[in-house]
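Down below is the structure, laid out as C-alpha cells.
The values are calculated or read from the model by the stated rules, or taken from the named source; none is laboratory data. Computed from a prediction, not measured in an experiment: that's the story for all the values here. Reconstructed Cβ throughout: ideal geometry from the backbone, glycine too, with neighbour counts over all protein chains shown.
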C-alpha cells in the first residue's frame, strides 16, 4: 500500500493534484481542506495517501494529515458513503470540526454535503459517534492506528476493497500477532 508521497506538485486542480516522484506523476483526489495546504506548481509537498482498488480502476486519495486520512477511512466504512462522498464531507471543514459535529450529532452539517441526505447523515453520526466521541478523538484514532495490529489489518483489508464491516467480521474469526498474519488469515477465511 502507498502510505504517503513526497514530491513536486505538477498539477493543482479543485478536485485533484498530481505529485511527481522519481519521474512518475501520481494523481491524488483531494478534499478542499487538503488543497488549501498544497503549494503552487513546482513546489514540494508530502501527502498522506490511501489506495482504493476496485474493478473499474485503482484510485489514490491524498490527505494533508494522517488525522484527515483516518477520518476518511472511518467515513468510507459507513454504509452509503463512498470515497467521493467522504472527500466531500472532508471538504466541509477541518478534521477537528467534523469530529466535533459527529460528537454533537450535528446532522444538518452533513446534510449540507452534496450526495448526503438525512438518512446517510444520521447513519454517519450513529456509526461514528462512539468512535470519535470527545475532545480526545484525534488521539484515540492515532493510538488505534499505530499500536493495534488488528486496526492496521482492518485498514489493509479496507484498502483491498472490503467494507469496514466485512473486515471486522473476517478479523473476528482469525488469530495472528502481526497485521500481515491477520490479513493473510482473513483472506484465506474469505474464500
Give me the residue from segment 58-78 that is surrounded by fewer than 17 Cβ atoms within 10 Å (Cβ to Cβ) and assigned to a strand (DSSP E or B) and, out of that set, nearest to the chain's Cα centre (by Cα).
59
Of everything in segment 121-142 that's under 14 Å from residue 97 (Cα atoms) and at pLDDT below 50, which residue is surrounded by the most Cβ atoms within 10 Å (Cβ to Cβ)?
137
Are any residues in segment 87-100 crowded, with 21+ Cβ neighbours inside 10 Å and within 14 Å of residue 132 (Cβ to Cβ), and if so, which ones?
89, 90, 95, 98, 99
Spot the failing condition for residue 51; the list is (1) in contact with a strand residue (DSSP E or B) (Cβ under 6 Å, 6 or more places away or on another chain); (2) over 15 Å from residue 155 (Cβ atoms), and only one is missed.
(2)
Failed criterion for residue 166 (all others in (1) modelled with pLDDT of 80 or more; (2) over 18 Å from the mean Cα position of the chain (by Cα); (3) surrounded by 13 or more Cβ atoms within 10 Å (Cβ to Cβ) hold):
(2)
Is it fair to say residue 49 is surrounded by 13 or more Cβ atoms within 10 Å (Cβ to Cβ) and either touching a residue at least 40 places away in the same chain (Cβ under 8 Å) or within 18 Å of residue 75 (Cβ to Cβ) (or both)?
yes
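Listed here are the residues, each with its yes/no results for (1) assigned by TED's automatic domain parsing to the domain that holds residue 81; (2) modelled with pLDDT under 95; (3) surrounded by 15 or more Cβ atoms within 10 Å (Cβ to Cβ).
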| position | (1), (2), (3) |
| --- | --- |
| 9 | no, no, yes |
| 29 | no, no, yes |
| 33 | no, yes, yes |
| 44 | no, no, no |
| 56 | no, yes, no |
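Answer yes or no as to whether residue 46 is touching a helix residue (DSSP H, G or I) at 6+ places or on another chain (Cβ under 9 Å) and outside any loop (DSSP other than H, G, I, E, B). Lay out the reasoning, then the answer.
Working: touching a helix residue (DSSP H, G or I) at 6+ places or on another chain (Cβ under 9 Å): no; outside any loop (DSSP other than H, G, I, E, B): yes.
So residue 46 fails the test.
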Answer with yes or no whether residue 110 is modelled with pLDDT of 90 or more, part of a helix (DSSP H, G or I) and over 29 Å from residue 177 (Cα atoms).
yes
Residue under evaluation residue 81, criteria (1) modelled with pLDDT of 95 or more; (2) surrounded by 13 or more Cβ atoms within 10 Å (Cβ to Cβ), criterion not met:
(1)
